[in-house]
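Every number in this text was worked out from the coordinates using simple rules, so none of it is lab data. Just so you know, these numbers come straight off a predicted model, no measurement behind them. Please note: Cβ atoms are built from the backbone with ideal geometry, for glycine as well, and neighbour counts cover all protein chains shown.
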Amino acid sequence: MKTRLVNCEVLDPASGKRFFGMVEWEDGIIRQVRKAGPGTLSEAPEGVAQIDGHGHLLTASFVDLYGDFCEPGHEEREDITSGSRAAVAGGFTALALRPDTVPPVDGPDAVRLILERVRAVGLVDARPLGSLSVGLRGESMAPLGEMADEGVAGFSEADRYLAHGGFLRHCLEYASSLGRPILLTSEDPTLSEGAAHEGFVATIRGLKGSPMAAEESAVARHVALAALTGVPVHLLKVSSAAAVRIIRDAKARGLPITASTTAHHLVLNEDSLLDWDPHRKVWPPCRTEEDRQALVQALKDGTLDAIVSDHAPRAIEDKELEFDLATCGAATLELVWPLVHGRVLAGELDLVTAVRALAWAPRRILGLPGGAVAPGQPADLVLLDRKTAWTARSGAFQSRAAGCLLEGQEVVGRPVLTIRGGRVVFDARGQPSFPG
């Protein structure tokens, strides 16, 4: 059956075109996209289901390069069911999941287990990243080829730093033949003493800190290995101006580097820890205001390609502790659009750049189809409210995580309809969306 979404503003991330119109799809494929003024399509033809977009923004659905559903091993924080619901409520239809589950994703059996659970839930295309090393110990190479055959999204060591550069080089060279991206986080742990940025706020609060040099040195090594091997590398969760400068230089030299930052690093700086809120304890830490502005500028000029959620749900016992003892991480999937949209409303980002970083670039990095709102493309779409203000509160989200990164703060905008393969998988208007 054909479905038509009318009375909406359409934004195609591929072309940057933006107009008031309608989109029609059938059998999971977009069949028609055209301009149509408000109210000009009041009745659907026979045999066509029609959805009123109420003037909201319709664009390609979001894709996340780095999130955590915590299953298997930490289902008290999140599981594949609750994580999938959080994802579609945040406008995401595809995700790459961290490999540091318990046990880790370091072989084909672990990949099959997660993919079977994801298919059983049936809401999103969530695929695990396979670990580069057995047990994430950085000692022996995991069976990368077998995991690629099972359908991993790519390869990563999660938030771990591979200390042996030669081992990482061999992993990159071997993985390059498998058609999967390599995604690396960047911090030299020997330079870091804590989870706050080593700066003014950490000093006055007496917090152990992580200097910018911890990220800078790790990013420099990863860039050098990409230059040495010629293997494309994606640098996840960039947090500092120093790292941005290295990546900008690497891209100017034509090296195969892509990079991303998180939505919360575009919004928060070190001042967010002044009230000791452990729910804002994230890794890498939010750094200075100058670093935050450098990340925004890097997204605008293309130095940074994508925005990730770094969705890292935590249970109440992980957070209700002294700040130094609390676990890093926050549930962010349902806050990504409000956070990024806030930078658009503030005039720091333009809308097309913001949407491309969430919908277009991640698909290119993972080698996924779609990302354009055009005939012949997959009907993976999200309808975004850009006007409604609401207050972020713990317990008001699909994620089962404790606490809220923006507790009590007012934000503007949220996804109201998420469509995957032509099927509505989330409807904020109260219509049933979740199977079961």
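Pairs spanning more than 30 Å between alpha-carbon atoms, out of LYS237/LYS319; LYS35/LYS237; LYS208/LYS251: LYS35/LYS237; LYS208/LYS251. Across q = 0.20 Å⁻¹, segment 90-249 modelled as identical point scatterers on its alpha-carbon atoms has Debye log10 I(q)/I(0) values of -1.22, in the order of the q list. Summarising the amide proton neighbourhood of LEU58: residues at separation of 5 or more, or on other chains, whose placed amide H is nearer than 5 Å comprise GLU9, VAL10, LEU11, LEU384. Subtracting the Cα-Cα distance of ARG253 and GLU289 from their residue separation scaled by 0.36 nm leaves 10.1 nm. The residues LYS319, LYS251, when put in order of fewest to most other Cβ atoms within 10 Å, stand as LYS251, LYS319.
Each Lys and Arg adds +1 at its Cβ and each Asp and Glu adds -1 at its Cβ; summed about the Cα centre, segment 322-426 shows a dipole of about 520 debye.
For TYR66, the residues whose modelled amide H falls within less than 5 Å of its own, excluding neighbours fewer than 5 places apart on the same chain, are ALA96, SER309, ASP310. If R0 is taken as 56 Å, the Cβ-Cβ distance between SER176 and GLU46 corresponds to a FRET efficiency of 0.60.
Arranged from fewest to most other beta-carbon atoms within 10 Å of their beta carbon, LEU351, LEU381, LEU321, LEU95 become LEU321, LEU351, LEU381, LEU95. Projection of the Cα convex hull of the chain, averaged over all directions and equal to a quarter of that hull's surface, yields 19.5 nm². Each of GLU407 and THR388 was given a label point 7 Å from its Cα along the Cα-to-Cβ line. The distance between the two points is 2.5 nm. In this simple spin-label approximation, ARG112 and ARG34 carry label points 7 Å from Cα along the Cα→Cβ vector, and these lie 4.9 nm apart. Amide H contacts of GLY130 (H built 1.01 Å from N, in plane; Pro and chain starts excluded): ALA153, GLY154, PHE155, SER156 sit under 5 Å, all sequence-distant by 5 or more or on other chains. By the count of other C-beta atoms within 10 Å, a proxy for reagent exposure, ASP64, ASP27 are ordered fewest to most as ASP27, ASP64.
Rounded to the nearest 500, the 222 nm mean residue ellipticity of the chain from helices alone is -7500 deg cm²/dmol, with -39,500 (n - 2.57) taken per DSSP H run of at least 4 residues.
Relative contact order of the chain, taken over Cα pairs closer than 8 Å and 6 or more residues apart, is 19 percent.
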